[in-house]
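A short worksheet on the structure shown next.
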2 protein chains.
Amino acid sequence: MIIDDNCVLVPPSNIGTHLGRLLDHADGTDVSFIVDNETFQAHRAVLAARSPVFRAELFGPMSEATMPSITLHDITPATFKVMLRFIYTDELPLEDELEDSSTEMFQNLLAAADRYALDRLKIVCAQKLWDKVSVDTVATILAWAETYNCQELKNRCIDFFVVEENFKKAIFTDGYALLVLKFPEIIAEMKKRV
Amino acid sequence: MIIDDNCVLVPPSNIGTHLGRLLDHADGTDVSFIVDNETFQAHRAVLAARSPVFRAELFGPMSEATMPSITLHDITPATFKVMLRFIYTDELPLEDELEDSSTEMFQNLLAAADRYALDRLKIVCAQKLWDKVSVDTVATILAWAETYNCQELKNRCIDFFVVEENFKKAIFTDGYALLVLKFPEIIAEMKKRV
């Protein structure tokens, strides 16, 4: 007997693509978020599956289960839009499709990822912000990493900062001054390593 | 300036894991399926995202949108359970966690995947069935591939069948006799190639 061992190849998982289309079509949405003057339709089940914070807010004992719309004050519409897409697809829009790909955009996204406990989005933001680290930005980005509990980014920023060629320049930035004032424990840690 | 180029590594997408937990916790389920005497809770949005057939049935103009429970007659509970898990996770249970990993189980799953237009599940079933192809089973599996519109599996079964060492044995099986009776076009196609 001759077995042809040319095996059947299974394509990669396409759940993200499918949920992205669900978000586009808005079939069966059961919650809406009002952010400034914009409204975003979504599915409670998807949000709860992806974020333990949404799960508690939407299905926990103190849940807003009966509220058809929820108003958010701690996020911008542009950030919420990107976060919502990430929740459904596990991807960010391509850089040239992002309305804003500034360092501040990724700061806002990191803040939102921390607020809603979206761990993978935090790492994606850490990666984007790490790409933007230079002697001019390292102190500011380090402060964000500390504020939003992003250990991956914090460790890398400290490693970068303590290199002599780097800290000799970074210490003259406003970001560094704010770091000294707001995060003395980080300064103590770096002092040991310099 | 020295840039440490040790980049931040982003782990693979975990949507399937998250939706798998959603299925386990059954937070916010909004539809149930009755299959024989078993009841399965699910989320309309997830089903619609993954299957165009569920989308039409649950959200289309003729939809069963207001029905809290739907009774299915064309599937077994064991098959529905595995299909539902696949819809949420894009994975089959491990072989030793499957209650039944027989050829018939994958036939039933292929039938269900065809019924609900779950294209990736069809390919996964094709892969499993292809592993079970031998001179004893090729004719039966070829008939299933034709019945459930699985071109990948059909082509491979035909390629396997037309090898002289194989068809000299396969033609003596009941599966082959049924193939001759039910699918004359396949027989005509093979006749040309033998």
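The values are calculated or read from the model by the stated rules, or taken from the named source; none is laboratory data. Treat the numbers as computed from the prediction; the structure is a model and nothing was measured. When we count neighbours, we look across all protein chains shown, and the Cβ atoms used for this are built from the backbone with ideal geometry, even at glycine.
Restricting to segment B:133-144, name every residue that is of a type in the set (A, V, I, L, M, F, W, C) and either in contact with a Cys (Cβ under 6 Å, 6 or more places away or on another chain) or over 17 Å from residue B:188 (Cα atoms) (or both).
Listed by number, the residues that qualify are B:133, B:135, B:138, B:141, B:142, B:144.
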Those residues of segment B:156-171 which are surrounded by fewer than 13 Cβ atoms within 10 Å (Cβ to Cβ) and of a type outside the set (Lys, Arg) amount to B:164, B:165
Quick one: residue A:59 ticks every box in (1) within 14 Å of chain B (Cβ to nearest Cβ); (2) more than 20 Å from residue A:150 (Cα to Cα); (3) modelled with pLDDT of 90 or more except a single one, so which number is it? (3)
What is the one condition in (1) at pLDDT below 95; (2) buried (at least 21 other Cβ atoms within 10 Å of the Cβ); (3) of a type in the set (Ser, Thr, Tyr) that residue B:51 does not satisfy? (1)
Restricting to segment A:162-194, count the residues that are of a type in the set (Ser, Thr, Tyr) and in a helix (DSSP H, G or I). 1
Hits in segment A:15-29 - residues which are facing chain B (nearest Cβ under 10 Å) and within 14 Å of residue A:86 (Cα to Cα): A:15, A:16, A:17, A:18, A:19, A:20, A:21, A:22, A:23
Boolean, residue B:102 is closer than 27 Å to residue B:25 by Cα and at pLDDT below 95: no
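Out of A:159, A:136, A:96, I need the residue that is away from chain B (no Cβ under 14 Å) and either farther than 30 Å from residue B:16 by Cβ or not in a helix (DSSP H, G or I) (or both). Which one? Talk me through it step by step, then tell me what you get.
Values: A:159 fails: away from chain B (no Cβ under 14 Å); A:136 fails: away from chain B (no Cβ under 14 Å).
After ruling out the rest, the residue left standing is A:96.
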Out of the residues in segment B:30-48 that are β-branched (Val, Ile, Thr) and surrounded by fewer than 17 Cβ atoms within 10 Å (Cβ to Cβ), which is farthest from the other protein chains (Cβ to nearest Cβ)? B:34
When segment B:100-118 is checked residue by residue, the ones that are among the charged types (D, E, K, R) and closer than 13 Å to residue B:76 by Cβ are B:100, B:104, B:115
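One line per residue, one yes/no per condition, for (1) within 30 Å of residue A:22 (Cα to Cα); (2) in a loop (DSSP other than H, G, I, E, B):
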| position | (1), (2) |
| --- | --- |
| A:105 | yes, no |
| A:108 | yes, no |
| A:114 | yes, no |
| A:120 | yes, no |
| A:124 | yes, no |
| A:141 | no, no |
| A:144 | no, no |
| A:149 | no, yes |
Is it the case that residue B:21 is among the basic types (Lys, Arg) and more than 20 Å from the chain's Cα centre (by Cα)? yes
